[in-house]
1. Could you list, in sequence order, all residues of region 46-57 that are in a helix (DSSP H, G or I) and either more than 15 Å from V90 (Cβ to Cβ) or out of contact with any strand residue (DSSP E or B) (no Cβ under 7 Å at 6 or more places or on another chain) (or both)?
2. Within region 108-123, is there a residue that is in a loop (DSSP other than H, G, I, E, B) and hydroxyl-bearing (S, T, Y)?
3. Any chance you could count how many residues in region 66-94 are touching a residue at least 40 places away in the same chain (Cβ under 8 Å) and of a type in the set (A, V, I, L, M, F, W, C)?
4. Restricting attention to region 99-138, which residues are crowded, with 18+ Cβ neighbours inside 10 Å and over 16 Å from the mean Cα position of the chain (by Cα)?
5. For S54, work out the one condition from (1) under 17 Å from Q29 (Cα atoms); (2) crowded, with 19+ Cβ neighbours inside 10 Å it doesn't fulfil.
6. Among the residues of region 26-43, how many are in a strand (DSSP E or B), over 13 Å from the mean Cα position of the chain (by Cα) and not β-branched (V, I, T)?
7. For region 73-96, indicate whether the set of residues that are in a loop (DSSP other than H, G, I, E, B) and of a type in the set (A, V, I, L, M, F, W, C) is non-empty.
8. Among the residues of region 1-52, write down those that are modelled with pLDDT of 95 or more and of a type in the set (K, R).
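The values are calculated or read from the model by the stated rules, or taken from the named source; none is laboratory data. Since this is a predicted model, take the numbers as computed values, not measurements. Backbone-built Cβ (ideal geometry, glycine too); neighbour counts: all protein chains shown.
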Amino acid sequence: MKKIPILLLSLFITAANFAQTIGEPVYIQSIYFGGGDYRIDELQIEELHQFIESIPNIEEYEISVHGHTDDIGGVAYNQWLSEMRSEMVVRQLVLKNIPRETIGIKDFGELNPVYDNNTWEGRLKNRRADVVFKKITM
């Protein structure tokens, strides 16, 4: 399997999502994975770290990681895979001094696709983990 097309798509999508804000104050960064893979490449690790550093007053945010997969493979396998993807992202957050106990995790497996799993591009975009920073409101 060639990694170049996935990497190029990953770069494009990650750049589009970098420090994306949706109706402030929510920040989302997506990490993309190859099919059946849960390893994060060095470029995405660097971009995730930059994203974390760009959030002002990070202690004022609720943090969650949402793991996803495409629908190739069995439901149980995809659930496991989304859990592994989330775990790898959580490890990166912990390396940036975010306490593990403050990070919520929700693993969807193949059950919550945002993109069309009937297309190659849709499956690529569904192979991800989203890091969500939501401002804690009082």
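1. Those that are in a helix (DSSP H, G or I) and either more than 15 Å from V90 (Cβ to Cβ) or out of contact with any strand residue (DSSP E or B) (no Cβ under 7 Å at 6 or more places or on another chain) (or both): E46, E47, H49, Q50, I52, E53, S54.
2. Within region 108-123, one or more residues are in a loop (DSSP other than H, G, I, E, B) and hydroxyl-bearing (S, T, Y).
3. Here the count works out to 6.
4. Scanning region 99-138 gives no hits.
5. Exception for S54: condition (2).
6. Going through region 26-43, the residues in a strand (DSSP E or B) turn out to be 26-32.
Among the residues that remain, those that are also over 13 Å from the mean Cα position of the chain (by Cα) are: 26.
Okay, now just the ones that are also not β-branched (V, I, T), so none.
The number of residues fulfilling the criteria is 0.
7. Looking for residues that are in a loop (DSSP other than H, G, I, E, B) and of a type in the set (A, V, I, L, M, F, W, C), one finds none in region 73-96, hence no.
8. Passing the criteria: only R39.
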